[in-house]
Amino acid sequence: MTDRKAEQVSATTLDPAPNRLRGSNGGRRADPIFRAVLMVAASSVLIILAAMIIRTTIEAWPVFAKEGILGFVTGQEWSVGTSRSEVTGTYGAFPFIYGTLKISAIAVLFAVPLAIGIALFTNEIAPPWLRRPLAYTVDTLAMVPSIVYALVGMYFFRLYFWAPVGRFVADSPVGNVPFFSGPVLLSSYWSAANILTIMILPIITAICRDVFAQVPADERNAAFAMGATRWEVMSKVIVPHSFSGIVGGTMLGLGRALGETLAVAVLIGSSQRWAPRLFFGGDAMTAVIANTFADAHPEAIWALLAIGVTLFFITMFVNVAARLIVARVGERVGGGAVV
Amino acid sequence: MRSFSKKAAATLLALALVAVACGGGDDTAGDPTAAGNDAADDAGEDDDLEVGEDGVAADRADLLGAGATFITPVMLEWIRDNEPGIAVNYQSIGSGGGIAQFLEETVDFGSTERFLTDEEIEDAREIRGCEPLHIPDAFGSVVLAFNDPDLIAALEAAGQDQVILDAETIAAIFLTEITSWDDPAIAALNPDVDLPSTEMVAAHRSDGSGTTYIFTRYLSDEDANWDAQIGFGSEVDWVAGTIGGNGNEGVAAEVQQQPGAVGYLSYAYAVENDIPVAAVVNADGNVVSPTIDSISAGPDSIIDTIPDDFRYDILGVGADGYPIVGTHWILAWECGYDDATAESLKDFLSWVVTEGDTLARELLYSPVTGSFEERVLAQIERINSAN
């Protein structure tokens, strides 16, 4: 905006004397050079991405060829072979795909309402002196390294919070539902989903805060003037107005949850199996790659790369879906879109 | 526009300056530390100083090795204390990584807890045109650790030191066929103990690991049911309902925190962390608890049957031997080293095998001894002999 204005100003006010317009040789060349530099910068992203996908897909191809893409994605058994030149093991990645999707979905389910609550409190309810410190605190959560989350989760949270809550749920009547039945393991989908909730909270909260702040003051004031309560303003004006922004933030959080590796690897249980239960020790795509690649035989590494390729396509699907949702919702509700 | 391009140029220049400054910084930062290390080494080994100064340039070289994490604690001690004074850089990246780097010829020696497969040997011959050599330098064992205060109390009440397990019950626990301590199969082995009914959770390594190889190789040999369902390897397909931990630390954390957990750990790790372990019935039917002597007895009992290429598993251990035992090997080539590297490698490995025993025992590894030591030394002499 400001650049364009500045250009207009210079175009109208300055006298375009021929000499000055021509400028030095350097000045005339700078524009195309700078343009080329920017082109290289922009295309480098595409080139790097393409190189990674093509390279990993080629490496992983023998595994896809043997199992079939559908067989790889739906296969239940993961038992690695020891060959250096051909695929001799059985590679079914379903337990890992299931685990990744499950813990990410649960994390989003917990984190989004919490993030909306935090953002509304920070923007609307908290006394002004508290707003900045609160926002900074949430942002600080985003700066904590993954390994620290992993260790704190492993030696503290799961022992004193998650497992006790899990045992309470499993022992209550709710525990009769197979999904919530015991035994409650310390390392489980439940623990991994909980750590992911904490880890994706900051980004969703930050985006919610931003979009809530963008709700036009006129609309809020109008609602208050009509006699709306704070609750009504928040639930009927601010949140609906920011819906597409919330969806965008959620999708960013989901992307982070899908890709999170270390904390999940430590807390999910890593049993290379799956079960439709919450307190079961399962496995996730990133976790199995991180846990097993160091000691893997070459063919197992191809299979791990195949998981990487699959994860890439899942993430891409989530991204595209997010954009479509935001675009559709944006048309209907209008405003506040961030992503 | 002109001012803009000037800004861009200034930015580029600044970036370039930063890059140069960083590069320079790295160099200057690198040198003093390197010098510092040398100084520290020299100060620590006064006797070797003269020999070193004469010898280093002529017939010594620094060594680069990579591989098993299991051996890392004692390897670092060996590297620090080795009397030939050879500088060794050991990268603890796992057996699989060690084998890969060895076959890619990016390291002077590899380090592994499983021997090379036939296919790997064939590839190796093609890669370098000569034999890859397996050089055993230590033995390690795997113990069963558990977390159950009730069981400990019951053992104390019965006056028994350790709970007793055999291969069948261990296999059944890890197949989740036995789910509590008071299972009849365990009760039959511990008739005097009033076993608790704690629900068991089997904990295993989630990463590929030589420890897993030793453990599953043992079970596969002893228990047909295990062999049919799981087999053996550095990474296997565990049954549902078990949990995995990354590294010995990960399994130890599961065992110490998860009530009812039973996990397998490298012996040294269990001892250092004071985790209660089980005694195991060996092939002769003797109940053996893991100690440094019973671990050494395992390899001793099969030493005459070890083939000349040193690719073997330690199975069917009887007498006083603790049965779940494995070997750590150094991988080296029969050809293709320059003289200095070959001499350094031979000197270092010979020292490890002959003089490194005390350090190994201190860190709870079982060293290579006796007639086997002579065979290993002969194997070390083969390094670079096929040029």
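The values are calculated or read from the model by the stated rules, or taken from the named source; none is laboratory data. These numbers come from a predicted model, not from an experiment. We place every Cβ from the backbone using ideal geometry, glycine too, and count neighbours over all the protein chains shown. In case anyone asks, the SASA skips ligands and DNA or RNA and just uses the protein heavy atoms, side chains included. Shrake-Rupley method; radii C 1.70, N 1.55, O 1.52, S 1.80 Å.
For the range B:345-364, residues that are outside any helix (DSSP H, G or I) and open to solvent by 10 Å² or more (accessible area, probe 1.4 Å) total 2.
From the list B:ASP118, B:ASP137, the lone residue that is in contact with a His (Cβ under 8 Å, 6 or more places away or on another chain), at pLDDT 90 or above and of a type in the set (Asp, Glu) is B:ASP137. Only one of the listed residues (A:ARG323, A:ARG328) is without any contact (Cβ under 8 Å) to a residue 12 or more places away in the chain and open to solvent by 10 Å² or more (accessible area, probe 1.4 Å). That residue is A:ARG328. Filtered by the rule that a residue be at the interface with chain A (Cβ under 8 Å from one of its Cβ atoms) and among the charged types (D, E, K, R), the range B:243-263 gives a lone residue, B:GLU254.
Just so you know, in the range A:179-232 the residues that are among the hydroxyl-bearing types (Ser, Thr, Tyr) and within 14 Å of another protein chain (Cβ to nearest Cβ) include one that is nearest to A:GLY153 (Cα to Cα), and it is A:SER191. Within the range B:104-149, being open to solvent by 10 Å² or more (accessible area, probe 1.4 Å), in a helix (DSSP H, G or I) and among the hydrophobic types (A, V, I, L, M, F, W, C) holds for B:ILE121, B:ILE127. I need the full set of residues from the range B:305-328 which are under 18 Å from B:ARG375 (Cα atoms) and surrounded by fewer than 16 Cβ atoms within 10 Å (Cβ to Cβ), in order please. Result: B:THR305, B:PRO307, B:ASP308, B:ASP309.
Every residue, every condition in (1) within 24 Å of B:VAL142 (Cβ to Cβ); (2) out of contact with any Lys or Arg (no Cβ under 8 Å at 6 or more places or on another chain); (3) outside the structural domain of B:ILE214 (by TED's automatic domain parsing), yes or no:
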position: B:GLY285; (1), (2), (3): yes, yes, no
position: B:VAL288; (1), (2), (3): yes, yes, no
position: B:ILE295; (1), (2), (3): yes, yes, no
position: B:ARG311; (1), (2), (3): yes, yes, yes
position: B:TYR322; (1), (2), (3): yes, yes, yes
position: B:ALA332; (1), (2), (3): no, yes, yes
position: B:GLU362; (1), (2), (3): yes, yes, yes
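Among residues of the range A:87-99 that are farther than 13 Å from B:ASP237 by Cα, those with a beta-carbon under 6 Å from a residue that is of a type in the set (Ser, Thr, Tyr) at least six positions away or on a different chain give the pairs A:PHE94/A:THR74. Does B:THR212 count as outside the structural domain of B:PRO367 (by TED's automatic domain parsing), in a helix (DSSP H, G or I), of a type outside the set (Phe, Trp, Tyr) and within 24 Å of A:PHE96 (Cα to Cα)? Taking the combined requirement at face value, the residue satisfies it.
Here B:SER206 clears all of (1) crowded, with 21+ Cβ neighbours inside 10 Å; (2) of a type in the set (Ser, Thr, Tyr); (3) in contact (Cβ under 8 Å) with a residue 60 or more places away in the chain except the condition numbered (3).
Of the residues making up the range A:150-168, those that are open to solvent by less than 70 Å² (accessible area, probe 1.4 Å) and in contact (Cβ under 8 Å) with a residue 24 or more places away in the chain number 9.
For every residue, the table says whether it meets (1) away from chain A (no Cβ under 14 Å); (2) touching a helix residue (DSSP H, G or I) at 6+ places or on another chain (Cβ under 8 Å).
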{"site": "B:GLY241", "(1), (2)": "no, no"}
{"site": "B:LEU265", "(1), (2)": "yes, yes"}
{"site": "B:VAL281", "(1), (2)": "yes, yes"}
{"site": "B:PRO290", "(1), (2)": "yes, yes"}
{"site": "B:ILE306", "(1), (2)": "yes, yes"}
{"site": "B:ASP309", "(1), (2)": "yes, no"}
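Among all positions in the range A:267-284, there is at least one residue which is out of contact with any Ser or Thr (no Cβ under 8 Å at 6 or more places or on another chain), more than 11 Å from chain B (Cβ to nearest Cβ) and either closer than 30 Å to A:PHE180 by Cα or assigned to a helix (DSSP H, G or I) (or both). Considering only the range B:91-115, state which residues are more than 10 Å from chain A (Cβ to nearest Cβ) and not polar (S, T, N, Q). Correct list: B:PHE102, B:GLU104, B:GLU105, B:VAL107, B:ASP108, B:PHE109, B:GLY110, B:PHE115.
Check the range B:217-231 and report whether any residue there is of a type in the set (A, V, I, L, M), open to solvent by 10 Å² or more (accessible area, probe 1.4 Å) and either at positive phi or within 11 Å of another protein chain (Cβ to nearest Cβ) (or both). Yes, because at least one residue in the range B:217-231 is of a type in the set (A, V, I, L, M), open to solvent by 10 Å² or more (accessible area, probe 1.4 Å) and either at positive phi or within 11 Å of another protein chain (Cβ to nearest Cβ) (or both). If we scan the range B:69-92, do we find a residue that is in a strand (DSSP E or B), surrounded by 22 or more Cβ atoms within 10 Å (Cβ to Cβ) and in contact (Cβ under 8 Å) with a residue 12 or more places away in the chain? No, the range B:69-92 has no match at all. When restricted to residues that are over 26 Å from the mean Cα position of the chain (by Cα) and more than 14 Å from every other protein chain (Cβ to nearest Cβ), the range A:60-89 contains 9.
Looking only at the range B:267-291, count how many residues are open to solvent by 40 Å² or more (accessible area, probe 1.4 Å) and not hydroxyl-bearing (Ser, Thr, Tyr). Count: 10. Could you tell me whether the range A:195-206 includes any residue that is out of contact with any Gly (no Cβ under 9 Å at 6 or more places or on another chain) and of a type in the set (Val, Ile, Thr)? Yes, some residue in the range A:195-206 is out of contact with any Gly (no Cβ under 9 Å at 6 or more places or on another chain) and of a type in the set (Val, Ile, Thr). When B:SER197, B:SER180 are screened for being at pLDDT 90 or above, open to solvent by 10 Å² or more (accessible area, probe 1.4 Å) and within 12 Å of chain A (Cβ to nearest Cβ), only B:SER180 passes.
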